[in-house]
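Colleague: Can you keep this structure in mind? I'll have questions shortly.
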């Protein structure tokens, strides 16, 4: 049998090539956070919040959370749905490649893309937006966001396994964009309508953004609380994924 | 066939039911190393289901399946098999060489990438993206993916569908080369001619049962391979054919038509029985026609 590590490396590189050459994915995920930061962040980047935190840093942290979350949700959601639609999974299933290696390669690939997306955004914020933070703060943001991205990996898989290639993009947008808006990723929560402010503390994106906000010094909920919420949402989305996955396996491979 | 070698792939009273549909109804089949086997049958006969069971893509409802003596889902078994499926796809943005190299990495001792690409007749398309390939070229790509792991057995489900003449010729040559190298090949087709040309053993499947398992020569002798037709002054009664080897008899007008594999014997008997015929034609039956005569026989378990 071929060594698993060799398979994993080859599969990850293959996935990276596919993603990189799919502009709908690569361009969207690299450009959109930068674009959003340009519209929502640049005009106010020089301001300081009441708590003394730079608005630029706050919004950069917010859009970094948006960037990683969207790579996960769109990457897995649309990617998995498309591959299922093209019956790529059928051929892969007949090869000796273990499904776990294929999934792990997708996760590694998504982490790499998230990293790239966040680094591009932060460098843009520093150079164009003039946002200043210690290097350790930036690193802290990146590490926290990548490490806490699991619920969005699970959400992406849930979308990818429960919808077809034509529905998945719409579903991903309809779920992830409102979540991001309502959690204060595009503009601070206190500018949003009252009912949204009351809903926000129950959303996964809200608790995810806390990880990044606390890194730039915004008063946030305890890390434990964020992690508890994120773990709960991971479990929920995984349950949806496993249900949809099992149904499909029965249909295709029973 | 050496009885002491263990089969490469084995169906043991395998059956498969999809809801109410019985796709396979207790098929037993053992394929020995080095055999080139055609699974022949009309659409819906159970060919693809048989292949899916042999690959572990589907689980049998009854009976057992073994690939190299292991369950077909076992990675050790999979690592020795190459597959070309009827309905499967790949993402279009990789090049031919990239995806062949990628699939090669799944196997313990793959062929050199360029060799696999060349064997599939895609050397001049090695750097083309999959999305730019024609239907026939894409089919060749799937063949390259099937052989890139240097497998001992190849499963090819309807491999020539969508191939142009040139691709088909290259494909036939590749199969013959693989056969010469001692590989085992199992392919499905609904063309008797294709089965006859490539296989050394033809397994005819119909309605989920194996209805014939023979060499092409044996099979051809079983099927009614000649089409006979002639004009008569008055329509004949069917009983004049009593005891004569014939099939698909058509007496509806002044032109009598039937299939047989013993045209000389049948015609001599008809002359002796006083049939006066004009404009006699004896032609090699359309192979499809002959094959249909076989599969339309009453079911037997």
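Coordinate-derived values only; no laboratory data. Since the model is a prediction, treat every value here as computed from it, not as a measurement. Neighbour counts run over all protein chains shown; Cβ positions are idealised from the backbone, glycine included.
Colleague: Give the separation of the Cα centroids, segment B:1-63 to segment A:2-76, in Å.
Modeller: 49 Å
Colleague: Let me ask something else. Of A:110, A:200, A:158, which has the largest mean-square fluctuation in a 10 Å C-alpha GNM of chain A?
Modeller: Sorting by GNM fluctuation, first place goes to A:200.
Colleague: Right, next: Give me B:107, A:124, A:202 sorted ascending by neighbouring Cβ count inside 10 Å, so fewest comes first.
Modeller: A:202, A:124, B:107
Colleague: Then there is this: With an 8 Å cut-off on Cα pairs and a minimum separation of 6 or more residues, tell me the relative contact order of chain B in percent.
Modeller: 19 percent
Colleague: Return the Rg/Rh value of segment A:137-254, two decimal places, where both radii are evaluated on C-alpha atoms and Rh is the Kirkwood radius.
Modeller: 1.03
Colleague: Using Cα atoms only, what is the angle between the long axis of helix B:165-180 and the major principal axis of chain B, expressed in degrees (0 to 90) to the nearest 10?
Modeller: 80 degrees
Colleague: Next up: Can you bin segment B:160-212 into rounded, prolate or oblate? Criterion: square roots of the alpha carbon gyration tensor eigenvalues sorted a ≥ b ≥ c, rounded for a/c under 1.5, prolate for a/b above b/c, oblate for the rest.
Modeller: Judged from the Cα gyration tensor, segment B:160-212 comes out oblate (a/c at least 1.5, b/c at or above a/b).
Colleague: Also, I was wondering about something else. In peptide B:89-98, what is the residue-averaged number of other protein chain Cβ atoms found within 10 Å of each Cβ?
Modeller: 5
Colleague: Cα centroid distance between segment A:148-175 and segment B:156-200, in Å?
Modeller: 41 Å
Colleague: Where in segment B:25-42 is the amide nitrogen less than 19 Å from a point lying 7 Å along the Cα-to-Cβ axis of residue B:5?
Modeller: Counting only backbone N, you get B:29-39.
Colleague: How many partner chain Cβ atoms sit within 10 Å of a residue's Cβ in peptide A:91-103, on average, as a whole number?
Modeller: Partner-chain Cβ atoms within 10 Å, mean over residues of A:91-103: 6.
Colleague: In chain B, how does Rg compare with the Kirkwood Rh, expressed as the Rg/Rh ratio over alpha carbon atoms? Provide the component values of the computation, followed by the final result.
Modeller: Working: Rg = 22.7 Å, Rh = 21.2 Å.
That ratio is 1.07, to two decimals.
Colleague: Can you give me the angle between helix A:223-253 and the longest principal axis of chain A, using Cα atoms only, in degrees from 0 to 90, rounded to the nearest 10?
Modeller: Between the helix axis and the principal axis of chain A, the angle is about 20 degrees.
Colleague: How big is the protein assembly as shown along each principal axis, measuring the range of its Cα positions in Å and listing the largest first?
Modeller: For the protein assembly as shown, the Cα extents along the three principal axes come out at 115, 47, 41 Å.
Colleague: Could you work out, residue by residue across B:140-152, how many beta carbons of other chains sit within 10 Å of that residue's beta carbon, and then give the average as an integer?
Modeller: Mean shielding count: 1.
Colleague: Sticking with this one: Test of understanding: what is the full-extension gain from residue B:239 to residue B:191, defined as 0.36 nm times their sequence separation minus their Cα-Cα distance?
Modeller: Length gained, residue B:239 through residue B:191: 13.9 nm.
Colleague: Per DSSP H run of n ≥ 4, the term is -39500 (n - 2.57); total these for chain A, divide by its residue number, and report the mean residue ellipticity at 222 nm rounded to 500 deg cm²/dmol.
Modeller: -24500 deg cm²/dmol
Colleague: Now for a separate question. Could you compute the FRET efficiency for residue A:224 and residue A:38, with r as their C-beta to C-beta distance and R0 at 22 Å, rounded to 0.05?
Modeller: On the way: r = 35 Å, r/R0 = 1.59.
My answer for the efficiency is 0.05.
Colleague: Which order do B:22, B:87 fall in if you start with the one that has the fewest other Cβ atoms within 10 Å? Please report the intermediate quantities before stating the final value.
Modeller: Working: B:22 17, B:87 10.
Ranking B:22, B:87 by Cβ neighbours within 10 Å, fewest first, gives B:87, B:22.
Colleague: Sorting A:103, B:202, A:139, A:159 on the 10 Å Cβ count, fewest up front, what's the list?
Modeller: Lowest to highest Cβ neighbour count: A:139, A:103, B:202, A:159.
Colleague: In a GNM of chain B with a 10 Å cut-off on Cα contacts, which of B:199, B:81, B:123 has the highest mean-square fluctuation?
Modeller: Among B:199, B:81, B:123, the largest GNM mean-square fluctuation belongs to B:123.
Colleague: Sticking with this structure for a sec: So if I take the centroid of the Cα atoms in segment B:226-250 and the same for segment B:65-139, what is the distance between those two points in Å?
Modeller: Comparing the Cα centres of segment B:226-250 and segment B:65-139, I get a distance of 52 Å.
Colleague: Relative contact order for segment B:24-159: what is it in percent, counting Cα pairs under 8 Å that are at least 6 residues apart?
Modeller: 28 percent
Colleague: In addition: Quick one: what do you get for segment A:4-253 if you divide its Cα Rg by 2.2 N^0.38 Å?
Modeller: Against the compact-globule rule of thumb, the ratio is 1.02.
Colleague: State, as an integer percentage, the relative contact order of chain A based on alpha-carbon contacts under 8 Å between residues 6 or more apart.
Modeller: Rounded, it is 26 percent for chain A.
Colleague: While we're looking at this one, here's another question. What do you get for the angle between helix B:263-272 and the principal long axis of chain B? Use alpha-carbon atoms, 0 to 90 degrees, nearest ten.
Modeller: Its long axis makes an angle of about 10 degrees.
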